[in-house]
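Worksheet for the structure shown next.
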Amino acid sequence: MSMLKHFVCLFLLIFSASIWAEQKQVLGDWDVHYMVVGTTFLTPEVAQGAGIVRSKFNALVNISVLDSATQKAQSLIVEGNARNLIGTTKALTFKEVQDGDAIYYLAVLPFRDQETYRFDITIRDHQTSQTLAFQQKIYVD
């Protein structure tokens, strides 16, 4: 299981750096990196190991939070939802994946082709709460 988590993290790191422009927001003392990709980009083995259902109609929401000063990954509480343009809201259930010093928060979002979602994601620790808000159109691969 640990090896599969490693592959998920490695995949997400390589995939996000090589194909998509960086999506990042600075929220208080945190650098919040995020991306939304189709789950079909994951190999079946990696998806199974991470408990992710691969489907052309499932997107993977990936959030990572770093301390702005030290760039150290943060272990936090991440919750949120995604709302499409007609107002249908879907709760996002994030699970924390740790691999060495890296920490990722992953959630699966079912969607329809070319559907646009507004994401509102609350990131908090015991003292601070921040909201990551962004919009993205998702395509079937």
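What are the residues whose amide H is under 5 Å from the amide H of S55, where those residues sit 5 or more places off or on another chain and H is modelled from the backbone?
Those lying under 5 Å, H to H, from S55 are T39, T40.
Quick one: of K95/K137; K24/K56; K56/K137, which pairs are farther than 20 Å apart, Cα to Cα?
Working: K95/K137 23 Å; K24/K56 25 Å; K56/K137 14 Å.
Long pairs (Cα-Cα over 20 Å): K95/K137; K24/K56.
Please report T39, T131 as a ranked list, fewest other C-beta atoms within 10 angstrom at the top and most at the bottom.
In increasing order of surrounding Cβ atoms, one gets T131, T39.
Convert each backbone phi in region 125-131 into a coupling constant with the Karplus relation 6.51 cos²θ - 1.76 cosθ + 1.60 (shift: θ = phi - 60°), then list the ³J(HN,Hα) values in order as whole Hz, x for Gly and Pro.
Values, residue by residue: 10, 6, 10, 10, 9, 10, 10 Hz.
Give, in nm to one decimal, the length gained when the segment between D141 and K90 is fully stretched (0.36 nm per residue of separation minus the Cα-Cα distance).
Length gained, D141 through K90: 16.2 nm.
Any read-out appearing in this document is the output of simple, stated calculations on the displayed coordinates, not a laboratory observation. Just so you know, these numbers come straight off a predicted model, no measurement behind them. When we count neighbours, we look across all protein chains shown, and the Cβ atoms used for this are built from the backbone with ideal geometry, even at glycine.
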